[in-house]
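Q: Pasting in a structure now, in structure tokens, and then I'll have a few things to ask.
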Amino acid sequence: MAEAETEIDAKRRKLDYDLKRFKIERILQEFSDRKSIFLEGHFAEAETENAVVILEKLPFNKENLEELLTKSTLNIQFRNDIYGKYECHVEDPKLNALKVSVIHPATAKHVAKYEASQARIIHETPALYNRFTLPFIESEQFDLTWVYNILNHEKEADTIVYEDLGPDEGFVLLPDYKWNGKQLEDLYLICIVRRRDIKSIRDLTPDHVPMLKRIWSECTEAIKRKYDLDPSRMRAYFHYQPSYYHLHIHFSNVDFQAPGINVEKAHLLQTVIGNIETCPDYYSKATLAFSVKENTSLWKYYKSHGYDSEENGDGVTLEGMLNFFKWMGKAKHEPCGEYWQASYAESAWRMALMALATNPANVDRALLVRVALSSAFTCMGESSTDQTSEWKEKLAEVKSKLKAMLPLEKADKLYGLYEMHVRARRGVKAKNETEFVYRKILEFEEVLLQWEELKVSILTFVKCFH
Ligand code: M7G
């Protein structure tokens, strides 16, 4: 089927990617072992647009080795006893081709993906996934147009090795961008599922197992048929985190040290199936570790929220816990208002009891109790709060204190509860019944505090007349 030309295609065709007109601005990364180099620059005709060009020397192709030897000349460098070293010039340039990948126009995220940068490991619990990774994926992921172009047969249709057109369980198998589709030594294919609602292995459930099993059996069969490579010579795996959040499986020759097969990134298809069969909610419960480069927005996002394994990756430090309990000790004694006698902790405890008395059919009672208890965090830090304060300063103070004392995940959960308390305290419109009921509890607590205050004033007043 002829491929429809998009606006970007037309532009690329015009430039024709003549490397003579590519101006290198920066070497992003270089691998002497993989014999590849990643460059950032621009084409002369599109000076304002960034491009990433990847040059890579190819593995030898066994089929044309003889031709390569007959069409080459040797220049001697040295001979020493029985040992000799030469430079070989291949006469036919076709036998010495480079693989070139071009990303144009490249976004800052593409540049970051190919730029050298130190790696970090994140141990992602389900809570961290929901709180940090998921919002990041939703707002920042790479565009998936190329994936949909393949699924719709608009691009690369002539390279498809195998496909199943079923809308729910179907998939497409084709050569990966990283492979030139020729020599088996670095065979690399990609299988893209048709359904669009599975972002990564995190979303996998027992419902997906039949599809995954068929992917394994049908793709390995198709690869055997086309390339004569046995299933036991194939490595089928997911990446976590992937670059593209549309479920896909990598198939590579097990002898090929493909990029991305390291333990902190690759998850074998068969192991993933086994995990789900042993524990149906494995991927929504497991802590998944992955590496992330320091220059990526995902790492920056985690870091800006306080994740740093050196400070709190392993969680609880004794000092942090002691400080936390010191503050809670203060909550037990410190009055929660200038004219009030009840302490922060007493008030929190009273509201927790009120929460217990609510009807669980209408509200999330456990959440109400937790939010009520978290109200005691107002005693943390130096800033004071009253009816008119905006609470911004207090929120920032409580957040940074909790993070300094507790493991990020715990701190984040407690802060979430406190935020809900503050929203109610500021009179922000309730989003649901539970928030509405919490606001009512808070109002009642304020009446009690004022009543206590009044009682003291009346008694003082009465004493004046004795
Ligand atoms: P990933 O795990 O999401 O990302 O895999 P990463 O391995 O790049 O970190 C996506 C896979 O899709 C990679 O193996 C890419 O080489 C491959 N790929 C990316 N693009 C843009 C294309 C494309 O346009 N066509 C094909 N066939 N493969 C692609």
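Q: V363 passes all but one of (1) modelled with pLDDT under 95; (2) more than 39 Å from the chain's Cα centre (by Cα); which number fails?
A: Here V363 meets the rest and fails (2).
Q: Pull out all pairs, ordered by first then second residue, where Cβ-Cβ is under 9 Å, the residues are six or more apart or on different chains, the first lies in the range 167-184 and is at positive phi, and the second is among the polar types (S, T, N, Q) and within 10 Å of the ligand (Cβ to nearest atom).
A: Matching pairs, first to second residue: G181/T159.
Residues checked against (1) within 22 Å of R195 (Cα to Cα); (2) among the hydrophobic types (A, V, I, L, M, F, W, C); (3) within 16 Å of the ligand (Cβ to nearest atom):
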{"position": "C219", "(1), (2), (3)": "yes, yes, yes"}
{"position": "D228", "(1), (2), (3)": "no, no, no"}
{"position": "M234", "(1), (2), (3)": "no, yes, yes"}
{"position": "F256", "(1), (2), (3)": "no, yes, yes"}
{"position": "K265", "(1), (2), (3)": "no, no, yes"}
{"position": "V292", "(1), (2), (3)": "no, yes, yes"}
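Q: Tally the residues that are in a strand (DSSP E or B) and over 14 Å from P93 (Cα atoms), restricting the search to the range 43-67. Spell out how you get there, then give the answer.
A: Just the residues of the range 43-67 that are in a strand (DSSP E or B), to begin with: 43, 51-57.
With over 14 Å from P93 (Cα atoms) added as a condition, the list becomes 43, 51-56.
Here the count works out to 7.
Q: Let me ask you something else. Quick one: what pairs do we get from the range 236-251, first residue closer than 22 Å to K226 by Cβ and near the ligand (Cβ under 8 Å from one of its atoms), second assigned to a loop (DSSP other than H, G, I, E, B) and not aromatic (F, W, Y), C-beta under 8 Å, 6+ apart or different chains?
A: Pairs found: H248/P242; H250/D176; H250/A258; H250/G260.
Q: While we're on this one: Within the range 161-220, how many residues turn out to be of a type in the set (F, W, Y) and in a loop (DSSP other than H, G, I, E, B)? Can you show your working first?
A: The first filter runs over the range 161-220 and keeps only residues of a type in the set (F, W, Y), leaving 162, 171, 177, 179, 188, 216.
From the residues that got through so far, the ones that are in a loop (DSSP other than H, G, I, E, B) too are 177, 179.
Qualifying residue count for the region: 2.
Q: In addition: Would you check which residues across the range 271-299 are part of a loop (DSSP other than H, G, I, E, B) and farther than 30 Å from T107 by Cα and list them?
A: Kept after step one, since they are part of a loop (DSSP other than H, G, I, E, B), are these residues of the range 271-299: 279-281, 286-287, 294-296.
C279, P280, D281, A286, T287, listed by residue number.
Q: While we're on this one: Taking the range 156-178 as the region of interest, how many residues are within 16 Å of the ligand (Cβ to nearest atom), farther than 30 Å from W299 by Cα and among the acidic types (D, E)?
A: Counting residues in the range 156-178 that are within 16 Å of the ligand (Cβ to nearest atom), farther than 30 Å from W299 by Cα and among the acidic types (D, E) gives 3.
Q: Within the range 110-138, which residues are within 20 Å of L408 (Cβ to Cβ) and small (G, A, S)?
A: If the condition is that a residue be within 20 Å of L408 (Cβ to Cβ) and small (G, A, S), then A119, A127 are the ones that fit.
The values are calculated or read from the model by the stated rules, or taken from the named source; none is laboratory data. These figures come from a predicted structure and were not determined experimentally. Every residue, glycine among them, receives a Cβ derived from its backbone with ideal geometry; neighbour counts consider all protein chains shown.
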